[in-house]
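Please read the structure below before turning to the comments.
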Amino acid sequence: MRKITSMFVAFGIVTVLSLQAQAHELILKPTSFKAAPGSDLAVELQSTHVFIVKEEVEDISKIDAGVFADGKLTKSILNGNDAELRIDFSVKVPEGNSSALIAANKSGDVWCVTPDGWKPGTRKAIEAEGIKVTRASMTDKFTKAIINPSASDKNFATVIGQELEVVPVTNPADAKMGQFFKVKVIHNGQPASTPVFATYDGFVAELENTYAYYTESNSEGIANIKITSPGIWIIRAAVDNLPGVEGEYDARNLRSILTVEVK
Ligand SMILES: [Cu+2]
């Protein structure tokens, strides 16, 4: 009996850890990757467990999003689209013939794992309701997309300063089927070794948290993703279990997703 109980306890822990890894992902999906300089481009911000299928409307009050140019993010007005299960916004495509960056950053909500399931709120707040908290965590999310890639500029490699950032080393204009697409993962301004998952739009639309490719960035932050299909690719880095804040949450996690199109 005791042995069975401890097996159940062990199973419970595994479940909690894997659920924690399954927070939904924040993904930028421009409606086009080629847009005329000076025009308005519609962009979708999706929150999902399935790639790339919109599933949830995030809390717009916690998100900054827009075009990143001249060293700063110009924030767009965000519109929660409940009918389409996504956030809509538009950006003014920068002038000139260089590639352009669109970015979104979301500060995390605290979620607690409890015997009654997941509850939003800090450890203090949930415990004040008389509910036991197994684990409280917060996940901050960063995402970026590159439009108008061109063979003649280096703007695609601009580091915009996200706490966790995936920076292309390969020019997206040169991304090709059957070849490696190289990225650099940067955490707090330093190259970081992290798990790197990648997939493309339409690879698997029936299953959650399913990616086409897995690798890890090395100590220089470099990861190579083998491109196995044309289309929209997402490349995702993750850092888990950063220190928490006493009484608020036990750990903080970071997610960062780069979106590029492969012709
Ligand atoms: Cu979700």
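Below, the figures for the structure above:
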item	result
Where a label projected 7 Å from the Cα of GLU129 along Cα→Cβ would reach, residues of segment 47-67 with amide N under 19 Å	59
Two-site FRET efficiency, ASN209 against SER107, from Cβ-Cβ distance with R₀ of 25 Å, rounded to 0.05	0.65
Rounded to whole Hz, the Karplus (6.51, -1.76, 1.60) HN-Hα couplings of segment 75-87, x for glycine and proline	6, 8, 7, 9, 10, x, 10, 5, 5, 9, 6, 7, 9
Estimated distance in nm for a label pair at LEU85 and ALA157, the labels positioned 7 Å out from Cα along Cα-to-Cβ	3.9
Least to most buried among TYR249, TYR213 (fewest other Cβ within 10 Å first)	TYR213, TYR249
Ranked list, fewest to most other Cβ atoms within 10 Å of each Cβ, for ARG236, ARG135	ARG135, ARG236
Per-residue ³J(HN,Hα) for segment 217-227, Karplus 6.51 cos²θ - 1.76 cosθ + 1.60, θ = phi - 60°, Hz, x for Gly and Pro	6, 7, 5, 8, x, 8, 10, 10, 10, 6, 7
Shape category assigned to segment 150-263 from the gyration tensor of Cα positions, a/c cut at 1.5	oblate
The chain: most fluctuating residue of ASN188, ASN155, ASN253 per GNM, C-alpha cutoff 10 Å	ASN188
Antiparallel DSSP beta bridges within the chain, percent to nearest 5	90
Helical mean residue ellipticity (222 nm; -39500 (n - 2.57) per DSSP H run of 4+; nearest 500) of the chain	-3000 deg cm²/dmol
Karplus 3J(HN,Hα) series, Hz, for segment 107-117 with 6.51 cos²θ - 1.76 cosθ + 1.60 (x for Gly, Pro)	7, x, 9, 8, 10, 10, 8, 10, x, 9, x
Relative contact order (percent, whole number), segment 35-262, Cα cutoff 8 Å, 6+ residue spacing	19
Order of GLU261, GLU206, GLU55 under a 10 Å beta carbon neighbour criterion, fewest first	GLU206, GLU55, GLU261
Stretchable slack from LYS182 to LYS119, in nm (0.36 nm times residue separation minus alpha-carbon distance)	18.8 nm
Under 5 Å, built H, 5+ apart or other chain: amide partners of GLY161	none
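Coordinate-derived values only; no laboratory data. What you see is a predicted model; the values in this text were computed from it and never measured. So basically every Cβ, Gly included, is an ideal-geometry build from the backbone, and we count neighbours across all protein chains shown.
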